[in-house]
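Report on one structure; see the data block that follows.
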Amino acid sequence: MSFQPLAIKPSRTHARLPDLNYSRAAKNARKGVETTVVLDLNILSKMHEVMTGQSTFETSGLQRMVSKFNKLPITLSPGFALAEVSKEYADALWTTWEAFLAKYCPQFVDTPNATKEKENHARGAKFDALPDGDRHVQAIAYLAILTIQVVDECGHHLSPEEKFSSYVDYMCMHADMLSAVEAEVARFCFFAAADEKDKAFANFARIIRRNFMKTGSIEERLRKALNSARDIIYYRGVAMRSNEQLDGRIQDTWLLTADEGLKNLARSIYFVPGFHGSDSKAVWIVRGQAQKRSPYWKHCDELFDKLNAQRARVHIGRGEPEWHEEQFHKIFDCIKLQEDKLRELYPD
């Protein structure tokens with residue numbers, strides 16, 4: 001599949017992905033709003049390939065992106081992606097990122113609040129090696145990805161509906177958290193795409209599953225599971241920064257990625273702007289005709305809605321839920337147990 005970068009808007013008002021165009025960016029600039037594009041690791045890696053001669057600019061798939069960058073009044077941010085890789089590769093990516101911009105986007109200069117500090121970069125490929133703050137941020141998404149893999153491997157005798165039920169039961173009981181984005185990923189991972197008559201939707205679903213259900217040795221699986229969790233964190237994180245101030249300027253935030261699975265996930269679930277004063281507190285789930293007539297999708301959606309309503313009533317009854325350190329330690333323990341379970345399932 002060709003390398004096709006796309007700017008996705010996690011927080012938006014309509015199901016269709018909006019276009020990051022000059023009209024929008026210029027309007028933002030007139031209003032004092034900063035249009036910020038966060039770069040996924042695959043974008044930085046492709047820039048690195050171009051600048052180190054592993055790929056040519058003409059065949060890289062970056063031409064349209066560069067053309068857009070050179071026309072729009074936007075700010076670029078590579079910070080998220082550098083946490084995924086080793087310190088050596090993070091340093092190399094940073095060097096080639098700056099060289100790429102100097103050569104192909106020479107009008108880009110550092111903003112007044114730019115920083116080259118790298119203490120938050122190269123945070124590690126293993127969950128237990130992450131800094132404490134990162135472990136707290138990524139715990140739920142990582143546990144969700146691990147649990148999806150455990151349920152899928154252990155549940156060969158289960159129907160897709162039963163697999164999803166097993167997943168949500170585990171997350172509610174052990175993590176006391178049923179996040180919508182992670183649940184949407186689970187729906188696609190357990191969906192029997194081979195039985196779907198709508199071939200376009202079946203392929204759409206397979207692309208999401210492949211993105212979040214990686215294969216390989218056990219250590220490769222765990223590393224890829226953490227990176228899959230980071231995809232969710234980035235998607236949610238970009239929404240969290242939408243309409244928030246950064247150094248006095250309201251942000252219009254986008255995520256630039258060539259990851260087909262993340263693109264399809266963005267087409268399936270997005271955040272609703274302005275809900276309770278935040279652009280990341282509520283989601284809208286998109287359902288096409290194939291899903292609307294599917295017993296599987298109906299079961300999953302009804303179960304999720306039912307459990308969500310039950311949990312909301314409980315939270316209303318006991319007040320706003322507070323996350324204490326012992327709750328996170330419980331989740332960390334669950335992560336360790338699920339990692340060990342996967343090691344049993346996939347011995348080297």
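Which trypsin sites (Lys or Arg not before Pro) from region 19-58 combine a DSSP loop assignment with at most 13 other Cβ atoms within 10 Å? Write out the running numbers ahead of the final one.
Working: sites: Arg24, Lys27, Arg30, Lys31, Lys46; in loops: Lys31.
Those satisfying the criteria are Lys31.
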Ascending count of other beta-carbon atoms within 10 Å, so fewest first, for Ile43, Ile285: Ile285, Ile43
Degrees separating the helix 325-345 axis from the principal Cα axis of the chain, which is the longest one: 80 degrees
Anchor Lys27: aspartates and glutamates whose Cα lies under 16 Å away (excluding residues fewer than 8 positions away in-chain): Asp19, Asp252
Crossing angle, helix 218-241 versus the chain [Cα axis fit, 0-90 degrees, rounded to tens]: 70 degrees
Order of Asp252, Asp176 - criterion: other Cβ atoms within 10 Å of each residue's Cβ, fewest first: Asp176, Asp252
Within region 151-282: Cβ-based charge dipole about Cα centre, in debye rounded to nearest 20 (Lys, Arg +1; Asp, Glu -1): 360 debye
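By DSSP, what percent of the beta bridges with both residues in the chain are antiparallel, rounded to the nearest 5? Show your work: numbers first, answer last.
Numbers: 9 of 19 bridges.
Among the beta bridges of the chain, antiparallel pairing accounts for roughly 45 percent.
Are there trypsin sites (Lys or Arg not before Pro) in region 183-266 that DSSP marks as loop and that have at most 11 other Cβ atoms within 10 Å, and which are they? Intermediate values should be presented prior to the final figure.
Details: sites: Arg187, Lys197, Lys199, Arg206, Arg209, Arg210, Lys214, Arg221, Arg223, Lys224, Arg230, Arg236, Arg241, Arg249, Lys263; in loops: Lys197, Lys214.
Sparse-neighbourhood loop trypsin sites (Lys or Arg not before Pro): Lys197.
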Amide H partners (placed H, <5 Å) of Thr75, local residues excluded: Thr35, Thr36, Val37
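Can you put Ser217, Ser278 in order of Cβ neighbours within 10 angstrom, beginning with the fewest? Provide the component values of the computation, followed by the final result.
Details: Ser217 11, Ser278 17.
Neighbour counts put them in this order, fewest first: Ser217, Ser278.
Any idea what the dipole of region 1-114 comes to, in debye rounded to 20, about its Cα centre with Lys/Arg Cβ at +1 and Asp/Glu Cβ at -1? Could the numbers behind the result be given before it?
Working: 13 positive and 10 negative charges, 163 e Å.
For this selection, approximately 780 debye.
Quick note: the coordinates plus some simple rules give every number you see, no bench work behind them. Just so it is clear, the model here is predicted, and its values are computed rather than measured. With ideal geometry, Cβ positions are generated from the backbone for all residues, glycine too; neighbour counts draw on all protein chains shown.
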